[in-house]
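Undergrad: Right, I'll just put the structure down here and ask away after.
The values are calculated or read from the model by the stated rules, or taken from the named source; none is laboratory data. Values in this document were obtained by computation on a predicted structure and should not be read as measured data. In this analysis, Cβ positions are derived from the backbone assuming ideal geometry, glycine residues included, and neighbour counts consider all displayed protein chains.
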């Protein structure tokens, strides 16, 4: 299994540009998550999904959109990039049952908005 | 809102020394997860604790969840350069879809 994969690894955007961060998992997990990690800070939850077709907001959803058309994929969309969105973005997935197992994290996408 | 404090924020130790990292929650924890992160990489799962008083060990790393389930400690015995990295605790407070709230991390440097 590849686990959780993310693309791209690194991206520079200009203010106002848009982009999609890709996330895929091959573990047949129902739950998927997007976090952002700012320097010196912990991870903040942006959006999550409990299954295909179902998404919900996390702690810091403003400026982002997600979709979950398949179990495997959970892309994160930035419509109008702002400098405040400069961060490292992590995608994670887990089984549905609370406490059954940990979340598995992708390697991250480093985004710089100038 | 959930508050999850980690201490210390950074730690520099000589190789071979023992060390402890703490994670304190303002709410009761239904699960406490410890992760390790190397610079530029994703999070690697270390251990999960659920029951008050529970203690788990893996190689030279031991984690414990206190009886009241609001604090966890991570202890490394005889530290090695390979232990260097950022240690993050993640808390399941029983809300949302297995959402985890994360501490700010502890940056560990081990000097050979």
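Undergrad: Strands (runs of 3 or more DSSP E) wholly in the range A:1-88 with at least 1 residues that are touching a residue at least 40 places away in the same chain (Cβ under 8 Å) - which ones?
TA: Working: elements: A:4-7, A:10-13, A:19-25, A:31-37, A:43-51, A:54-57, A:64-66, A:76-78.
In the range A:1-88, the matching strands (runs of 3 or more DSSP E) lie at A:4-7, A:10-13, A:19-25, A:31-37, A:43-51, A:76-78.
Undergrad: Which one is modelled with the highest pLDDT among residues in the range B:14-36 that are assigned to a strand (DSSP E or B) and within 9 Å of chain A (Cβ to nearest Cβ)? First the steps, then the outcome.
TA: Here is the first cut: in the range B:14-36, the residues assigned to a strand (DSSP E or B) are B:14, B:19-25, B:31-36.
Checking the rest, the ones that are also within 9 Å of chain A (Cβ to nearest Cβ) come to B:31, B:33, B:35.
On the way: B:31: 85, B:33: 90, B:35: 93.
Going through the qualifying residues, I end up with B:35.
Undergrad: What single numbered condition from (1) away from every other protein chain (no Cβ under 11 Å); (2) under 29 Å from residue A:32 (Cβ atoms); (3) crowded, with 17+ Cβ neighbours inside 10 Å fails to hold for residue B:11?
TA: (2)
Undergrad: Next question, about the same structure. Among the residues of the range A:53-69, is any closer than 21 Å to residue B:48 by Cα, within 14 Å of chain B (Cβ to nearest Cβ) and surrounded by fewer than 16 Cβ atoms within 10 Å (Cβ to Cβ)?
TA: Taking the range A:53-69 and keeping what is closer than 21 Å to residue B:48 by Cα, we get none.
There is no residue in the range A:53-69 that is closer than 21 Å to residue B:48 by Cα, within 14 Å of chain B (Cβ to nearest Cβ) and surrounded by fewer than 16 Cβ atoms within 10 Å (Cβ to Cβ).
Undergrad: Of the residues B:72, B:57, which single one is part of a strand (DSSP E or B), over 20 Å from residue A:37 (Cα atoms), out of contact with any helix residue (DSSP H, G or I) (no Cβ under 9 Å at 6 or more places or on another chain) and free of Cβ contacts under 8 Å to residues at least 12 places away in the same chain?
TA: Of B:72, B:57, the one residue that is part of a strand (DSSP E or B), over 20 Å from residue A:37 (Cα atoms), out of contact with any helix residue (DSSP H, G or I) (no Cβ under 9 Å at 6 or more places or on another chain) and free of Cβ contacts under 8 Å to residues at least 12 places away in the same chain is B:57.
Undergrad: Would you pick out the residues in the range B:37-57 that are within 11 Å of chain A (Cβ to nearest Cβ) and within 15 Å of residue B:89 (Cα to Cα)?
TA: As a first pass, look at the range B:37-57 and keep what is within 11 Å of chain A (Cβ to nearest Cβ): B:37-51.
Result: B:37, B:38, B:42, B:43, B:44, B:45, B:46, B:47, B:48, B:49, B:50.
Undergrad: Filter the range B:91-112 for residues that are under 15 Å from the mean Cα position of the chain (by Cα) and farther than 19 Å from residue B:39 by Cβ; which is farthest from the other protein chains (Cβ to nearest Cβ)?
TA: B:91
Undergrad: Quick check, is residue B:77 away from every other protein chain (no Cβ under 11 Å), in contact (Cβ under 8 Å) with a residue 40 or more places away in the chain, under 29 Å from residue A:110 (Cα atoms) and surrounded by fewer than 19 Cβ atoms within 10 Å (Cβ to Cβ)? Full working, then the answer.
TA: Numbers: away from every other protein chain (no Cβ under 11 Å): yes; in contact (Cβ under 8 Å) with a residue 40 or more places away in the chain: yes; under 29 Å from residue A:110 (Cα atoms): no; surrounded by fewer than 19 Cβ atoms within 10 Å (Cβ to Cβ): yes.
It is false that residue B:77 is away from every other protein chain (no Cβ under 11 Å), in contact (Cβ under 8 Å) with a residue 40 or more places away in the chain, under 29 Å from residue A:110 (Cα atoms) and surrounded by fewer than 19 Cβ atoms within 10 Å (Cβ to Cβ).
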